[in-house]
Every structure is written in structure tokens, then in C-alpha cells.
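Presented below is the structure to which this report refers.
Readers should treat all values here as calculations from the given coordinates under stated rules, not as data from a laboratory. Keep in mind the model is a prediction, meaning the values are calculated, not measured. Every residue, glycine among them, receives a Cβ derived from its backbone with ideal geometry; neighbour counts consider all protein chains shown.
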Ligand SMILES: Cc1cc2nc3c(=O)[nH]c(=O)nc-3n(C[C@H](O)[C@H](O)[C@H](O)COP(=O)(O)OP(=O)(O)OC[C@H]3O[C@@H](n4cnc5c(N)ncnc54)[C@H](O)[C@@H]3O)c2cc1C
């Protein structure tokens, strides 16, 4: 499949990016291009301007200091994140999540900024234009009035399947967004997501994700991300769970638990965290926490994966990720 025609722009700093976005209403950002270029080939998006942001070397850095924590430029590649010694040691869940995405080739190109910013996917919408053209009506995502997957649904129910967001939520990350005026805004990664499939994040067309920050975890903290996919590589998660646990004096002092591929955004499971915090971690407590995850989520079935199976899978992944974060 060929790319549609577009005008190519190559800014060299963040100021230029935001002013190009402001000037050209029909523009799209391309970082690694692993998500957006296939969508352009499928004519899901046909922008007039393509802004390649990868010329900004500063934003490719992964920096760590005990005081400042981990700073990931939005253009840091998934491969570099998954292989960074400091990320592996102190932010294990993130290294594991980045390292399980797609394939080595896609991780070499794919960026963290792109990964947190991908949209939800569905069996109808993520097809070629020719395939979609076969239906006389448009779905919610294309500005229409119906869902072809969940028939009768009053809203878009596409699935959000990115791997790093649950790890970033569990680790307490924040995102720095630069708006059209050049002003920076820092928000919790959790608040980056709308939990609405039609537009999964809060980014405006003129916004640019500059960096992601994770504070240094306190002593006694460990984390883990576990993913289940149909294939061992080049596959989105059927479900994924991240756990970050801080143990102090034999008790759980802090916990961050989040899951992906269960709905319209990555989901923080506060109910599960509350069960763990303040208590000694035992097998019984972990089982209780995993049961709470099972009760909380209401997943959408997708492809041949039933909602029933997904709930059971989340229970297992939450249980195992907590256990591994406590070893
Ligand atoms: C075969 C295949 C398998 C895949 N498997 C997985 C998987 O298992 N798990 C997974 O999570 N993903 C998967 N992906 C999706 C994709 O490869 C990753 O999500 C990747 O991290 C996207 O990053 P990118 O830099 O290539 O994003 P791009 O394709 O460049 O951009 C993605 C979106 O983010 C926007 N964007 C990019 N950077 C910024 C920024 N700095 N600020 C604001 N907006 C921005 C773009 O405009 C676009 O809308 C897969 C893709 C393919 C093709």
C-alpha cells in the first residue's frame, strides 16, 4: 500500500513544532512512524502536512539522577528504554513493557511519546479504506453514528492496547505537554487519558509531548509488567498488568497497579492498591487483590477473546505481577 500525498516538514526544535502545528490545521506528527504510517497507508488519516519530529536529538535522551528521577525525552526509542541499565534496575516494569512491544525493528523506530499517544483500535476501523468503503455508513470514530463491532452501542468502544501506559501509571509518571503558545503543562499520566475510545487522550491537535518524568522510587520498591498476547512477538496485548510495590518493615507502604487492553484507556486499579497498602503481603492478600481486579474490570471482547476470558486473565496477570514485584 502506498502513502497518500502530503507535504513534508522537518522542524529542528520544539518551538518550531508547535508553531508548525498552529499554522497548519491539517497536520500530523510522526515520531517513529510505526503506528501512524500504516494508518496513512490505510487512509485512516490523510493529513496535508506530515511533521517529522525526529530531528530533535535532545528529546532522544534517557536521563537518570537519584534526585531528579528518570527523564525520558519523548523521542527515546522503546529499544533504548528496554535496554537502559537504570530503567531495568529501578523502573523494571517500564523496561519490561517497552521490551515486549511489537518486534526489534519496530522497537528500534518506535518512541515512548508515540506509544503513549497511540489511539484505540478496532476490527472495523483499523482496516483499509477499500475494506471500510464496503459499508454505506460510517462508525463513530469516522464521524458517523454507529459501532459496527458492538452493535447497538451508543458510543465508540474501540480498545486501547498500548503496553507502556500501565507501567507508567504504576510507577507514578508525569507527562510534559507543550501547547500552541509554547507553554508547558505537566500532568499525571493517568489524567492524560480520557477513557473514551473516540479520542483516547487529552492532546489537542496543536499539542506536543515533550517528555515523561518518573520520580526515583523509594527504597524497597520493585515493579513488574506482564503481558499476554496471542503471539510471542509482533502482537498487541490481549491483556497486560503492571504492579509497583514498596515494602517497608514487612508491610506494603505503597502500591501502583494498572492494566491495559481492557477498555478505552489504560486503567489504574485503585481498589486493588487499597487492599495492599498498609498490609503484610501474603498469598491470601495477593489473591484478594487479584479478585478485586477481576470485579472491577468490564472488558470488551475483541477478535476471538471473550470478555469472560479477559477478566480471568487479568486476575492471573495482576496476581503474578504483584508476586514478582514482591520477590
Ligand atoms: C505490527 C505492529 C505491532 C505492534 N505491536 C505493538 C504492541 O505490542 N504494543 C504496543 O504498545 N504498540 C504496538 N504497536 C504500535 C506502535 O509500534 C507503538 O505503539 C510505538 O511505540 C508507536 O511509536 P511511534 O514513535 O512509532 O509513533 P508514531 O507512529 O510516530 O505516532 C503514533 C501517534 O502518536 C502521535 N505522536 C507521536 N509522537 C508524539 C509526540 N511527541 N507528541 C504528540 N503526539 C505524538 C502521532 O501523531 C500519532 O498519532 C505495533 C505496531 C505495529 C505496526
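Structure notes:
- 10 Å-binned pair-distance histogram of the chain (Cα, whole percent): 6, 26, 34, 24, 9, 2, 0
- Sorted by Cβ density within 10 Å, fewest first, the residues 137, 213, 129, 302: 137, 129, 213, 302
- For the chain, the longest principal axis of the alpha carbon atoms and the long axis of helix 307-326 meet at an angle near 60°.
- Least to most buried among 214, 327 (fewest other Cβ within 10 Å first): 327, 214
- Fewest-first ordering of 246, 260 by other beta carbons within 10 Å of each residue's beta carbon gives 246, 260.
- On Cα atoms only, tilt of 283-296 relative to the major axis of the chain in degrees: 30
- Axis angle, to the nearest 10 degrees, between helix 14-23 and the longest C-alpha principal axis of the chain: 50 degrees.
- Cα centroid separation, region 63-138 to region 242-268 (Å): 19
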